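S.K.: The structure that follows is given in the form of structure tokens.
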Amino acid sequence: MSDELTAVAHFLYEAGTLKNTKRSGWWMAGVKDPESVADHSWRTALIATVIAKLEGADPARVAFLAVWHDRQETRTGDVNHLGKKYTAGEADPEAITADQVAGMPAVLADAVKALVAEYEAKASAEAQCARDADKLECMIQGIEYRDQGYANAQRWIDNSRSRIVTESGRALADTVLETGSLDWLRAALGENKS
């Protein structure tokens, strides 16, 4: 086995830790067992393709950005906004990524580093769509938690909505806010909304 492939194998095992890394901000809302970073990233990638298609951006590129957007949290954990206030300095996602891909085949390492740089720069239409998907996913998760009785999740709903910038993302967020979290089930069962 080559050293480069060993580095890739290590990277893949490390990625699995995101399945057990809880999104820590939800604890402040009283959620006892919040979603994992991997849970969040999966739905973010799905939402990203929707926003991208509506915005005329490249859905595959946007999904790619969204899948990788929290990858650095394998090294830092999920530091919520309050926690960032007290850290010596916010961890640099690009520096973390460079450490994570060190030793991998250059074609792979360079692609991952470029992807993270694009997301962090916020300049491309695809990066904006991916960032909006991140906020919309948090908003939807907040609605689901609120509907489960966690009233304090409303803060996350409101803050997430206010940070969405694309026209399609804002329109979709407003529609989500007008829709109940189980309306999809009622519609699938042919039931009327009551």
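S.K.: Please specify each residue of the stretch 65-79 satisfying the condition of being in a loop (DSSP other than H, G, I, E, B) and farther than 26 Å from Ala125 by Cβ.
M.R.: Gly77, Asp78, Val79 - these are the residues of the stretch 65-79 that are in a loop (DSSP other than H, G, I, E, B) and farther than 26 Å from Ala125 by Cβ.
S.K.: Tell me, yes or no, whether the stretch 80-100 has at least one residue that is of a type in the set (Ser, Thr, Tyr), outside any loop (DSSP other than H, G, I, E, B) and either out of contact with any Ser or Thr (no Cβ under 6 Å at 6 or more places or on another chain) or open to solvent by 20 Å² or more (accessible area, probe 1.4 Å) (or both). Break it down into steps so the answer makes sense when it comes.
M.R.: Step one: list which residues in the stretch 80-100 are of a type in the set (Ser, Thr, Tyr), which gives 86-87, 97.
Now narrow it down to the ones that are outside any loop (DSSP other than H, G, I, E, B): 86, 97.
Restricting the remaining residues to those that are either out of contact with any Ser or Thr (no Cβ under 6 Å at 6 or more places or on another chain) or open to solvent by 20 Å² or more (accessible area, probe 1.4 Å) (or both) gives 86, 97.
Yes, some residue in the stretch 80-100 is of a type in the set (Ser, Thr, Tyr), outside any loop (DSSP other than H, G, I, E, B) and either out of contact with any Ser or Thr (no Cβ under 6 Å at 6 or more places or on another chain) or open to solvent by 20 Å² or more (accessible area, probe 1.4 Å) (or both).
S.K.: If you go through the stretch 158-194 one residue at a time, how many are in contact (Cβ under 8 Å) with a residue 60 or more places away in the chain and surrounded by 15 or more Cβ atoms within 10 Å (Cβ to Cβ)?
M.R.: Matching residues across the stretch 158-194 total 4.
S.K.: Just for the stretch 14-40: of the residues that are under 20 Å from Lys84 (Cα atoms) and part of a helix (DSSP H, G or I), which one is most open to solvent (accessible area, probe 1.4 Å)?
M.R.: Among those that are under 20 Å from Lys84 (Cα atoms) and part of a helix (DSSP H, G or I), it is Trp27.
S.K.: Tell me, yes or no, whether the stretch 92-107 has at least one residue that is in contact (Cβ under 8 Å) with a residue 12 or more places away in the chain, of a type outside the set (D, E, K, R) and over 24 Å from Gly16 (Cα atoms).
M.R.: There is no residue in the stretch 92-107 that is in contact (Cβ under 8 Å) with a residue 12 or more places away in the chain, of a type outside the set (D, E, K, R) and over 24 Å from Gly16 (Cα atoms).
S.K.: Which of the residues that make up the stretch 104-127 are more than 14 Å from His69 (Cβ to Cβ), assigned to a loop (DSSP other than H, G, I, E, B) and open to solvent by 50 Å² or more (accessible area, probe 1.4 Å)?
M.R.: Ala123
S.K.: Looking only at the stretch 128-157, count how many residues are buried (at least 21 other Cβ atoms within 10 Å of the Cβ), aliphatic (A, V, I, L, M) and out of contact with any Lys or Arg (no Cβ under 9 Å at 6 or more places or on another chain).
M.R.: So the count comes out to 0.
S.K.: Does Ile51 fit the bill of being surrounded by 19 or more Cβ atoms within 10 Å (Cβ to Cβ), touching a Ser or Thr at 6+ places or on another chain (Cβ under 6 Å), modelled with pLDDT of 95 or more and assigned to a helix (DSSP H, G or I)?
M.R.: Answer is yes for this residue.
The rows are residues; the columns are (1) closer than 29 Å to Ala95 by Cα; (2) out of contact with any helix residue (DSSP H, G or I) (no Cβ under 8 Å at 6 or more places or on another chain); (3) of a type in the set (Ser, Thr, Tyr).
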site	(1), (2), (3)
Ala111	yes, yes, no
Glu120	yes, no, no
Asp132	yes, no, no
Ile143	no, no, no
Thr166	yes, no, yes
Gly169	no, no, no
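The values are calculated or read from the model by the stated rules, or taken from the named source; none is laboratory data. Please read all numbers here as calculations on a predicted model, not as lab measurements. Every residue, glycine as well, gets a Cβ built from its backbone with ideal geometry; the counts of neighbours run over all protein chains shown. We work out accessible area using only protein heavy atoms, side chains counted, and drop any ligands, DNA or RNA first. Shrake-Rupley method; radii C 1.70, N 1.55, O 1.52, S 1.80 Å.
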